[in-house]
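A short worksheet on the structure shown next.
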Amino acid sequence: MNGYQKIENELNLDKIDVLEDLLVRIRSGDVRLECILHYDSDHNDWEWEWYWWGGEEDVELIGAIALSDIKIEGNQLKYRE
C-alpha cells in the first residue's frame, strides 16, 4: 500500500456524506504538509491536487476538513514592514 492509499483508507472516503474537496494535513517522514484532496464528479473518484508522497514509509494522517467548513474572518495574513 502506498502513502496515498494509506491516507485515503484512514479518511474513510466511501463514508463521507457530502462529496467535496478536502484540506488534508499529513506527516510524511519529518515533513508536515497540507494537501487538497479533490472529488472528481466526472469520474466519481478522488484525486490529489499535487503529488506529495515521495516513497516514505512513515506517513500519517493528522487531520482533515471539508473546504466549505473552513471559516475565515477578515484578512489574517501577516505582512512585512
TODO: In nm, give the distance between the simple-model label positions of Lys6 and Lys71, each being 7 Å from the Cα along the Cα-to-Cβ direction.
DONE: 3.4 nm
- [ ] Would you please classify the overall shape of the chain from the alpha carbon gyration tensor, given that a ≥ b ≥ c denote the square roots of the eigenvalues, rounded means a/c under 1.5, and beyond that prolate means a/b larger than b/c while oblate covers the rest?
- [x] oblate
Task: Relative exposure of Asp69, Asp42, judged by other C-beta atoms within 10 Å (fewest first) - done: Asp42, Asp69
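Throughout, read-outs are computed from the coordinates displayed, never taken from laboratory work. Quick caveat: nothing in here was measured; it's all calculated off a predicted structure. Reconstructed Cβ throughout: ideal geometry from the backbone, glycine too, with neighbour counts over all protein chains shown.
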